[in-house]
Amino acid sequence: MTKELDTQHKSLEKAKKELVTAATRATKSLDRERKKLTREIKAASNRSKKAREQLAKKTERLAKATSAKVKRELRSQIKKLEKLKDAATTEAKESRTQLRLVREDLASARLHMKRALHLDKALAAIDRQIDKITGKKKKAKKKVAKKKATKKAPAKKKTAKKKTAKKKVTKKKVTKRRATKKKVAKKTTRRAPRRKG
């Protein structure tokens, strides 16, 4: 009897996992498809808009044109632009219909995903209750103590400042010594006054 219950429980767990993974996969793929279709619609509508603007300009030029050659060229260009515009509008229309279908599928996939997650949570709660009743305790996870980052004061900068200060002091001493030496040299180099005689 217990073996049957174990197998049923295992099959239920497996089905639950498969449902959750399938729902998430479907939701992600449909969301990608939705984004792709919206980009395509935007690009097609931009192409259609540009073609329409160019058509308006060409028709104005055709109305103002006088030579037959220019008129022929403008008419051929207008035909090409009309084809481009029609193709872009049909593409945008088809993409919009596809997008509508994708949005419907995405909404249903999201609903399935929500249900699957609720089911997952509900089964986890039931498992916890069963463990409480039966007296099973889950193995506690080992807590890893995080090391506190110690902030060290930048010692190099202070030493650099001290060195510069020392240099300044030594420079002052050297300049004072030189000045005193020059004064002594001046005194010794002065000539003694000549005696009359």
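The values are calculated or read from the model by the stated rules, or taken from the named source; none is laboratory data. Since this is a predicted model, take the numbers as computed values, not measurements. Because the Cβ atoms are built from the backbone with ideal geometry, glycine has one as well, and the counts that use them run over all protein chains shown.
What is the one condition in (1) loosely packed, with under 15 Cβ neighbours inside 10 Å; (2) assigned to a helix (DSSP H, G or I) that Thr66 does not satisfy?
(2)
With surrounded by 14 or more Cβ atoms within 10 Å (Cβ to Cβ), modelled with pLDDT of 85 or more, closer than 30 Å to Ala109 by Cα and out of contact with any strand residue (DSSP E or B) (no Cβ under 9 Å at 6 or more places or on another chain) as the only criterion, which of Ile41, Ile78 stands out?
Exactly one of Ile41, Ile78 is surrounded by 14 or more Cβ atoms within 10 Å (Cβ to Cβ), modelled with pLDDT of 85 or more, closer than 30 Å to Ala109 by Cα and out of contact with any strand residue (DSSP E or B) (no Cβ under 9 Å at 6 or more places or on another chain), namely Ile41.
Being touching a residue at least 12 places away in the same chain (Cβ under 8 Å) and assigned to a helix (DSSP H, G or I) is the requirement here; does Ala56 meet it?
When the stated conditions are applied, Ala56 does not pass them.
Give me a count of the residues in region 10-23 that are more than 13 Å from Asp105 (Cα to Cα), surrounded by 12 or more Cβ atoms within 10 Å (Cβ to Cβ) and within 30 Å of the chain's Cα centre (by Cα).
Adding up the residues that qualify gives 2.
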